[in-house]
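Student: First, the structure itself, so that you have it in front of you.
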Amino acid sequence: MPATLPIRMLVETDVDAFCDHLATQDDVWIRNREMPYGPYSASTPPDRAARRAKTLERWAKPLDVTGWRRSWGLLDGAACVGVVTLIGGDLDASLHRVMLGLGVEPPHRRQGHGRRLMHVAIDWARAEPTIDWIDLGVFRGNDGAFALYRDLGFREIGRTTDCFRVDGWRIETISMTLHVGAAADRPGK
Ligand SMILES: CC(C)(COP(=O)(O)OP(=O)(O)OC[C@H]1O[C@@H](n2cnc3c(N)ncnc32)[C@H](O)[C@@H]1OP(=O)(O)O)[C@@H](O)C(=O)NCCC(=O)NCCS
């Protein structure tokens, strides 16, 4: 039985491995003609140099500044073969909520790595006093990811019909949330 691949928070020197991983994930669904799992057209893949520069800028931001991001990589030697990313809010008023994105490359799927990545991100968020909620959106039809999130305690809070139009697909998104803060789950002061 091979040793389990390590997971750790990605730092500046990992940025190229991170961009390689995202490009691989983009290629997978373009080649397989799978339903997209991100709101981007196959004909206009994200620009690598722009993505690299933005990633470095966002990883460097402290948690009390809008637009911060933190990513954890599943590492196979020097290659990053899976990633979970937490995305800080775009408004000061929403910095207590983070969005989550997840991906594992096909040869490494169904081996428990997606679940391991999720646990690392959730545990980190729970330990951060400024973060109270993890939100995510999953496309209807992505049954594997939906099952994983539900199993980890994410609650479905709504669906948006025809949310994205990508390459002929009309995509319905399912919004899910997990409370990770100490404060009670209620509105008001
Ligand atoms: C979703 C994804 C990250 C899962 O990663 P993974 O490493 O294969 O997940 P795991 O092996 O940890 O599986 C965890 C659970 O997810 C569910 N699951 C994952 N893939 C599944 C599939 N193809 N069919 C059914 N259930 C699946 C199962 O409940 C599984 O638990 P089990 O193995 O005990 O049955 C991976 O399939 C992926 O990268 N997909 C493309 C990108 C994507 O869809 N990202 C999510 C966008 S919201």
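Student: Is at least one residue of segment 80-89 out of contact with any Leu (no Cβ under 8 Å at 6 or more places or on another chain) and either within 12 Å of the ligand (Cβ to nearest atom) or open to solvent by 30 Å² or more (accessible area, probe 1.4 Å) (or both)?
Tutor: Going through segment 80-89, the residues out of contact with any Leu (no Cβ under 8 Å at 6 or more places or on another chain) turn out to be none.
Within segment 80-89 (the criterion being out of contact with any Leu (no Cβ under 8 Å at 6 or more places or on another chain) and either within 12 Å of the ligand (Cβ to nearest atom) or open to solvent by 30 Å² or more (accessible area, probe 1.4 Å) (or both)), the answer is no, since none of the residues qualifies.
Student: May I ask you to say which residue of GLY38, GLY73, GLY114, GLY103 is part of a loop (DSSP other than H, G, I, E, B), open to solvent by less than 30 Å² (accessible area, probe 1.4 Å) and either within 16 Å of the ligand (Cβ to nearest atom) or modelled with pLDDT under 95 (or both)?
Tutor: Matching residue, one of GLY38, GLY73, GLY114, GLY103: GLY38.
Student: SER94 passes all but one of (1) more than 20 Å from ILE171 (Cα to Cα); (2) within 16 Å of the ligand (Cβ to nearest atom); (3) polar (S, T, N, Q); (4) open to solvent by less than 60 Å² (accessible area, probe 1.4 Å); which number fails?
Tutor: (2)
Student: While we're on this one: Going by what's in this entry, would THR160 be described as under 26 Å from PRO45 (Cα atoms), more than 8 Å from the ligand (Cβ to nearest atom) and surrounded by fewer than 18 Cβ atoms within 10 Å (Cβ to Cβ)?
Tutor: Values: under 26 Å from PRO45 (Cα atoms): yes; more than 8 Å from the ligand (Cβ to nearest atom): yes; surrounded by fewer than 18 Cβ atoms within 10 Å (Cβ to Cβ): yes.
In short, yes.
Student: Which one is modelled with the lowest pLDDT among residues in segment 142-170 that are outside any strand (DSSP E or B) and on the phi > 0 side of the Ramachandran plot?
Tutor: In this case the residue turns out to be ASP167.
Student: Let me ask something additional. In segment 117-155, which residue that is β-branched (Val, Ile, Thr) and in contact with a Phe, Trp or Tyr (Cβ under 9 Å, 6 or more places away or on another chain) is farthest from the ligand (Cβ to nearest atom)?
Tutor: Top of the filtered list is ILE131.
Student: Still on this structure, please answer the following. Can you tell me which residue within segment 9-25, out of those that are within 16 Å of the ligand (Cβ to nearest atom) and open to solvent by less than 30 Å² (accessible area, probe 1.4 Å), is nearest to TRP124 (Cα to Cα)?
Tutor: Among residues in segment 9-25 that are within 16 Å of the ligand (Cβ to nearest atom) and open to solvent by less than 30 Å² (accessible area, probe 1.4 Å), the one nearest to TRP124 (Cα to Cα) is PHE18.
Student: Moving to a separate point now. What number goes with the only condition from (1) open to solvent by less than 50 Å² (accessible area, probe 1.4 Å); (2) within 22 Å of VAL11 (Cα to Cα) that PHE154 does not pass?
Tutor: (2)
Student: Residue pairs, Cβ under 8 Å, 6 or more apart or interchain, first in segment 94-117 and basic (Lys, Arg), second open to solvent by less than 30 Å² (accessible area, probe 1.4 Å) and more than 10 Å from the ligand (Cβ to nearest atom). List them.
Tutor: Within 8 Å, the pairs are ARG97/GLY89; ARG97/ILE131; ARG97/ILE134; ARG97/ASP135.
Student: Can you find a residue in segment 118-128 that is of a type in the set (A, V, I, L, M, F, W, C), within 18 Å of the chain's Cα centre (by Cα) and outside any helix (DSSP H, G or I)?
Tutor: Among the residues of segment 118-128, not one is of a type in the set (A, V, I, L, M, F, W, C), within 18 Å of the chain's Cα centre (by Cα) and outside any helix (DSSP H, G or I), which makes the answer no.
Student: Here are the criteria: (1) under 15 Å from the mean Cα position of the chain (by Cα); (2) part of a strand (DSSP E or B). Tell me which single one PHE18 does not satisfy.
Tutor: Just one mismatch for PHE18, condition (2).
Student: Related question: With the requirement that a residue be at pLDDT 95 or above, among the small types (Gly, Ala, Ser) and not in a strand (DSSP E or B), what does segment 79-100 give you?
Tutor: Answer for segment 79-100, where residues must be at pLDDT 95 or above, among the small types (Gly, Ala, Ser) and not in a strand (DSSP E or B): ALA93, SER94.
Student: Further, regarding this structure: Checking ARG51 against (1) in contact with a Lys or Arg (Cβ under 8 Å, 6 or more places away or on another chain); (2) open to solvent by less than 60 Å² (accessible area, probe 1.4 Å), only one condition comes out false. Which one?
Tutor: Just one mismatch for ARG51, condition (1).
The values are calculated or read from the model by the stated rules, or taken from the named source; none is laboratory data. None of the values given here were measured: they were computed from a predicted structure. Don't worry about glycine lacking a Cβ; one is built from the backbone with ideal geometry, like all the others, and counts go over all protein chains shown. To get the accessible areas, we keep the full protein, side chains included, count just its heavy atoms, and leave off ligands, DNA and RNA. Shrake-Rupley method; radii C 1.70, N 1.55, O 1.52, S 1.80 Å.
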